[in-house]
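Down below is the structure, laid out as structure tokens.
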Amino acid sequence: MPDKVLVVEDSRAMRVFVSSILEATGNYVVQEVDNGFDALRALPRGDFALIVTDVNMPDVSGIELTKFVRGNAKYRDTPIIVISTDSAQTDTKRALEAGASAFLAKPFTAQELLDVIEQARKGSGDHG
């Protein structure tokens with residue numbers, strides 16, 4: 001049975017790009033939302049094995065979403081991949097400090113996304 005993934009991205013084109021990469025593997029079924037607020041509403045209703053979120057979104061940013069997820073017992077060890085067009089080290093640092101499993105700068109290839117997800121999912125099992 002495929003794992004459920006929550007993709008949180010305000011750009012429709014990027015949301016579709018990420019979702020299509022994940023679904024093409026046959027390992028994931030994707031739920032898409034276009035902002036952090038909708039992600040917060042989706043989390044209690046889903047059993048997500050992975051979260052992919054953009055940093056810069058209206059209302060609730062990807063950094064705020066990551067902090068919230070890490071404070072939730074159900075999702076404390078769930079891999080979170082933070083993506084952003086802003087590859088500045090400050091964004092990377094903020095994402096990782098908030099609890100992100102990995103940071104990926106846009107633009108990225110399908111293989112880069114899958115590699116980062118694979119690494120993050122291997123690491124998530126080590127938290128106990």
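The values are calculated or read from the model by the stated rules, or taken from the named source; none is laboratory data. Predicted model, so just to flag it, every value in this text is computed and none were measured. Heads up, the Cβs are rebuilt from the backbone with ideal geometry, glycines too, and the neighbour counts pull from every protein chain shown. Each accessible area value is taken on the protein alone, full model and side chains, heavy atoms only, with ligands, DNA and RNA left out. Shrake-Rupley method; radii C 1.70, N 1.55, O 1.52, S 1.80 Å.
Can you list the residues of the range 11-44 with backbone N under 15 Å from a point 7 Å past the Cα of Leu114, pointing along Cα to Cβ? Taking a point 7 Å out along Cα→Cβ of Leu114, the residues of the range 11-44 whose backbone N falls under 15 Å are 18-29. Modelled spin-label separation between Leu96 and Arg76, with each label point placed 7 Å from Cα along the Cα-to-Cβ direction: 2.3 nm.
Normalised by 2.2 N^0.38 Å, with N the number of residues, the alpha-carbon radius of gyration of the chain equals 0.93.
Using θ = phi - 60° in the Karplus curve 6.51 cos²θ - 1.76 cosθ + 1.60, the 3J(HN,Hα) couplings for the range 67-74 round to 4, 4, 4, 5, x, 9, 4, 5 Hz; x is entered for Gly and Pro. Per-residue ellipticity at 222 nm computed for the chain from its helices equals -12500 deg cm²/dmol, with DSSP H segments shorter than 4 residues left out and the rest contributing -39,500 (n - 2.57). Sequence-distant contacts, meaning Cα pairs under 8 Å at least 6 residues apart, place the relative contact order of the chain at 21 percent.
In the chain, what percentage of the DSSP-assigned beta bridges are antiparallel, given to the nearest 5?
0 percent
Residue separation of Asn56 and Thr25 scaled by 0.36 nm, minus their Cα-Cα distance, works out to 8.5 nm of gained length.
Can you tell me how the range 27-85 classifies by the Cα gyration tensor, rounded, prolate or oblate, using a/c under 1.5 as the rounded cut?
In terms of gyration-tensor shape, rounded.
Once amide H atoms are placed 1.01 Å from N in the peptide plane, what residues at a sequence separation of 5 or more from Asn35, or on another chain, have their amide H within under 5 Å of its amide H? Amide H neighbours of Asn35, under 5 Å, 5+ apart: Glu9. Figure note: Asp86, Asp47, Asp38 ranked by solvent-accessible area, largest first, 1.4 Å probe, ligands and nucleic acids not counted: Asp47, Asp86, Asp38.
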